[in-house]
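What follows is a set of notes on a single structure, which appears directly below.
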Amino acid sequence: MKKISYLLFIIIFFVAGCNGGTSESTPEHSASIISISITPDQSKIAEGFTQQYSAMAVYSDGTTSPITSDITWVSSDPNIAIIDNNGLATVQVSNGTSYITAKYKGITSPPAILEAVSWIALESGAISAFYGVNSLAFNNSDNLFAAVTPLSGLAAVLEWDGNSWNAVGGNDSIPSFTIANSIVFDSKNNLYVGGGSAVWKWESDATNWLEVGNGDVPLAINIFSLAVDKNDTLYAGGTSTDPITSRAVGTVWRLLDNNLVVIGESTLSSASSEITSIKFSNDGILYAGGGTLQDVGAVWKLSNGVWNNIGLLVEAYSVNAIGFDSSNNLYAIGTTPNPPTAIVWIWDDGTKKWNIVGDTSIPFSFSGNSIAFDSNDNLYASGVGIASSGGNFGAVWQWGGTSWNVVCNSYIPYSHYAAPMVFDNNGALYVGGSSSMYDTSAGVWVAY
């Protein structure tokens, strides 16, 4: 019995000795910690948005390793930004600076600068020569592209290089192309842009723009939306001329053997006046949103080559955009006619009916143009807001679960409207629209 007790004492003493090193080293390193660094060391974050910080230990032998526990995170001004035990900072205001530090085993990191901002306008330059931004998209390399349309002349697709906007193709326009409404990338990084009665393609290794569909989109009046399925097949939605009645009807085309062919023609042409947005659900089913011939908002679902109207949205004369969250819930956004206000719906597949998100239109709004979801499935809506002064400004709202809140607690400064939205891999929200009250200058803004 004494022998066992003595052996147990030896084991406990040995274990305690292994864990009882200096406060400046970890079990993985015999060298001592000489400093701590945190990343990012400088960031601009908009009100209500978050920034994830990480810490790294630097050892006396020159090695480094990440620190994942036992860190005390500190924000120098919690009124500007708060930070939790996991290093996630949340910005509380739209203007100010806080300094973020990490403390570990008695060592404090140099401070990282967190600047609270509202909306940041990307450099104007080439983009200011155009009327407005109609579509935004990231390619497979996380580079941002914008489809822009001029007041007169030729349209273009511009790429943001981090400092300035540059026209794809090395010039300011796409040949014989006056309207750019939608851009999309396939898995091979080929770029498609649609607008007017044409679709153009810029291949990943291209030197020239190529007109898709042998230069012919049957009876097309305007292409509003593009989508690519899991097999990289291109689809286009918009309006065309009905060959019998000569009226404008909603239409969806599919690229087949380099020809754009109408799909589900009879069911849409007999009911739809326009198709403004097409999207694939998470399970690969194609949906189209727009308006009926009776000027009522509607969404159609393509099943076995036939378009089925899944339900009217009677509060609006048309659907401006549709989208899906990660749970495959279908949303739509539009504008009520009297008075004009933005409204967002969610489709209840169980009851087969549309429900208004929050049971109300978006407060202090004039129109609803687009919807988007961040990585946490938070819902955003863009459009035009009504300021207390009575003026109209571009705006983005977030659905907080009980109410709609203006992102950054402010409308987008020096803007006229906000339309396309897209998130990058770091959670930054990019919004495009017009930066002039007189519709003479395109603009792109970012909120981190």
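The values are calculated or read from the model by the stated rules, or taken from the named source; none is laboratory data. Because the structure is predicted, anything quoted here is derived from the model rather than measured. Ideal geometry is used to build each Cβ from the backbone, glycine not excepted, and the neighbour counts take in all protein chains shown.
Conditions first: (1) surrounded by 16 or more Cβ atoms within 10 Å (Cβ to Cβ); (2) within 28 Å of ILE127 (Cβ to Cβ). TRP347 passes all but one, so which condition is the exception?
In the conditions (1) surrounded by 16 or more Cβ atoms within 10 Å (Cβ to Cβ); (2) within 28 Å of ILE127 (Cβ to Cβ), TRP347 misses (2) alone.
Among the listed residues GLY169, GLY196, GLY238, identify the single one that is closer than 30 Å to TRP445 by Cα, modelled with pLDDT of 95 or more and either within 21 Å of the chain's Cα centre (by Cα) or not acidic (Asp, Glu) (or both).
Selected residue: GLY238, the only one of GLY169, GLY196, GLY238 that is closer than 30 Å to TRP445 by Cα, modelled with pLDDT of 95 or more and either within 21 Å of the chain's Cα centre (by Cα) or not acidic (Asp, Glu) (or both).
As an exercise: evaluate ASN282 against (1) farther than 19 Å from ASP232 by Cα; (2) of a type in the set (S, T, N, Q); (3) touching a strand residue (DSSP E or B) at 6+ places or on another chain (Cβ under 7 Å) and give the number of the one condition it does not meet.
(1)
The conditions are (1) over 30 Å from LEU158 (Cβ atoms); (2) surrounded by fewer than 18 Cβ atoms within 10 Å (Cβ to Cβ), and SER128 fails exactly one of them. Which is it?
(1)
Of THR68, THR50, which residue is out of contact with any His (no Cβ under 9 Å at 6 or more places or on another chain) and either modelled with pLDDT of 90 or more or surrounded by fewer than 15 Cβ atoms within 10 Å (Cβ to Cβ) (or both)?
The match here is THR68.
Quick one: in segment 288-324, of everything that is part of a strand (DSSP E or B) and aromatic (Phe, Trp, Tyr), which residue is nearest to the chain's Cα centre (by Cα)?
Across segment 288-324, the extreme among qualifying residues is PHE324.
Pull up segment 172-185, narrow it to residues that are of a type outside the set (Val, Ile, Thr) and part of a loop (DSSP other than H, G, I, E, B), then point me to the one that is nearest to the chain's Cα centre (by Cα).
ASN181
For segment 246-287, what are the residues that are more than 21 Å from LYS201 (Cα to Cα) and under 25 Å from the mean Cα position of the chain (by Cα)?
GLU274, ILE275, SER281, ASN282, ASP283, GLY284, ILE285, LEU286, TYR287 - these are the residues of segment 246-287 that are more than 21 Å from LYS201 (Cα to Cα) and under 25 Å from the mean Cα position of the chain (by Cα).
Can you confirm whether ASP242 is acidic (Asp, Glu) and under 12 Å from SER272 (Cβ atoms)?
yes
Kindly indicate which of ASN214, ASN304, ASN258, ASN308 is free of Cβ contacts under 8 Å to residues at least 12 places away in the same chain and either under 24 Å from ALA332 (Cα atoms) or surrounded by fewer than 23 Cβ atoms within 10 Å (Cβ to Cβ) (or both).
Of the residues listed, the single one that is free of Cβ contacts under 8 Å to residues at least 12 places away in the same chain and either under 24 Å from ALA332 (Cα atoms) or surrounded by fewer than 23 Cβ atoms within 10 Å (Cβ to Cβ) (or both) is ASN304.
Take ASP374 and tell me if it is at pLDDT 90 or above, acidic (Asp, Glu), at negative phi and in the same structural domain as PHE145 (by TED's automatic domain parsing).
Spelling it out, ASP374 is indeed at pLDDT 90 or above, acidic (Asp, Glu), at negative phi and in the same structural domain as PHE145 (by TED's automatic domain parsing).
Can you report the number of residues in segment 326-339 which are surrounded by fewer than 16 Cβ atoms within 10 Å (Cβ to Cβ) and either touching a residue at least 24 places away in the same chain (Cβ under 8 Å) or of a type in the set (A, V, I, L, M, F, W, C) (or both)?
Of the residues in segment 326-339, 3 are surrounded by fewer than 16 Cβ atoms within 10 Å (Cβ to Cβ) and either touching a residue at least 24 places away in the same chain (Cβ under 8 Å) or of a type in the set (A, V, I, L, M, F, W, C) (or both).
Mind listing whichever residues of segment 80-109 are surrounded by 16 or more Cβ atoms within 10 Å (Cβ to Cβ), over 10 Å from TYR53 (Cβ atoms), within 31 Å of the chain's Cα centre (by Cα) and not β-branched (Val, Ile, Thr)?
If the condition is that a residue be surrounded by 16 or more Cβ atoms within 10 Å (Cβ to Cβ), over 10 Å from TYR53 (Cβ atoms), within 31 Å of the chain's Cα centre (by Cα) and not β-branched (Val, Ile, Thr), then ALA81, GLN92, SER94, GLY96, SER98 are the ones that fit.
Can you name the number of the only condition in (1) touching a strand residue (DSSP E or B) at 6+ places or on another chain (Cβ under 7 Å); (2) aliphatic (A, V, I, L, M); (3) without any contact (Cβ under 8 Å) to a residue 40 or more places away in the chain; (4) assigned to a loop (DSSP other than H, G, I, E, B) that ILE221 fails?
Against the list (1) touching a strand residue (DSSP E or B) at 6+ places or on another chain (Cβ under 7 Å); (2) aliphatic (A, V, I, L, M); (3) without any contact (Cβ under 8 Å) to a residue 40 or more places away in the chain; (4) assigned to a loop (DSSP other than H, G, I, E, B), ILE221 comes up short only on (4).
Of the residues LYS201, LYS188, only one is within 25 Å of THR241 (Cβ to Cβ), among the charged types (D, E, K, R) and either outside any strand (DSSP E or B) or without any contact (Cβ under 8 Å) to a residue 12 or more places away in the chain (or both); which?
Exactly one residue qualifies, and that residue is LYS201.
Hey, can you tell me all the residues within segment 264-279 that are in contact with a strand residue (DSSP E or B) (Cβ under 7 Å, 6 or more places away or on another chain) and over 22 Å from ILE183 (Cα atoms)?
GLY264, THR267, LEU268, SER269, ALA271, SER272, SER273
Report yes if ILE113 is surrounded by fewer than 16 Cβ atoms within 10 Å (Cβ to Cβ) and touching a residue at least 60 places away in the same chain (Cβ under 8 Å), otherwise no.
Yes, satisfied.
Suppose we filter segment 175-205 for residues that are surrounded by fewer than 19 Cβ atoms within 10 Å (Cβ to Cβ), of a type in the set (Gly, Ala, Ser) and at positive phi; how many remain?
Selection size over segment 175-205: 1.
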